[in-house]
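Take a look at the structure below.
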Amino acid sequence: MELTRRSVIAAGVTTLGATVLSAPHISRAASPLQRPALPFAEDALAPTISAKTLSLHYGKHHKAYFDKLNTLTAPTKYADMDLAAIMAESAKNSSDSAIFNNAAQAWNHVVYWEQLKPGGANRPQGELASQIGETFGGYEGFVKKAVDASDQVFGTGWVWLTRDDHNGLALVGYEDGNNPAAFGRPAYMGIDVWEHAYYVDYENRKADHIRAVLDKAINWNVVGDRIRA
Ligand code: MN
């Protein structure tokens, strides 16, 4: 089935049988599905991510994924499902690729905003720093691997911190809206490498954007909590 196959090609991994769908949980308590509030002011991450980029990215792009998803799912079996369930179920059905794409992008950006934080330069600490050291040869190796993974995504996509076939931490590029969680793997951290995430601020300098976000805008406590969960 196409979506799974594409994801596997991009990820270079096989999918697992178990479904790993942890945070975020966007419930159907309110129907239609509601996009969560941005957990910081639009200008709070500048200059790493400008207010203009956040206004467009959260206010236009992320909103559009929720709006489109609500429109597409309203007359379908997905209408009563929460966001994670829509994503997992539509991933199995290539005829529901439009629903999958919008559900995954709605979900991806919730994960993304939750793991960002104002305050400037910071690094992983404690157990997370040790794990990154063991797996990537240190923080610099981690950043380099993130950039390398982004280069393996030809067009739009994401770099996800997830687990590989041997249960080790891995940074993997996924095309379009695909993410590990839709295919049974944990999604600990996602770096959006669609051009809308960086072009206003960095033009074509995608690697500079990835490094800046990792150096200055990641809430490593959130990432560590996701790994421990
Ligand atoms: Mn995006």
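Could you compute how fast region 103-143 diffuses translationally, taking Rh as the Kirkwood radius over C-alpha pairs and applying Stokes-Einstein at 10 °C with viscosity 1.306 mPa s? Give it in µm² per second. Rounded to a whole number, D works out at 132 µm²/s.
Could you work out how far the C-alpha centroid of region 40-119 sits from that of region 148-167, in angstrom? Result: 19 Å between the Cα centres.
Take the Cα radius of gyration of the chain and divide it by 2.2 N^0.38 Å, N being the number of residues; the result is 0.96.
From largest to smallest, the equivalent ellipsoid semi-axes obtained for region 45-95 from the alpha-carbon gyration tensor read 30, 12, 8 Å.
Mean residue ellipticity, 222 nm, helices only, the chain: the sum of -39500 (n - 2.57) across DSSP H runs of n ≥ 4, divided by residue count and rounded to 500, is -13000 deg cm²/dmol.
Here, each number is a calculation from the coordinates, and none is a lab measurement. Remember, it's a predicted structure, so these values are computed and weren't measured experimentally.
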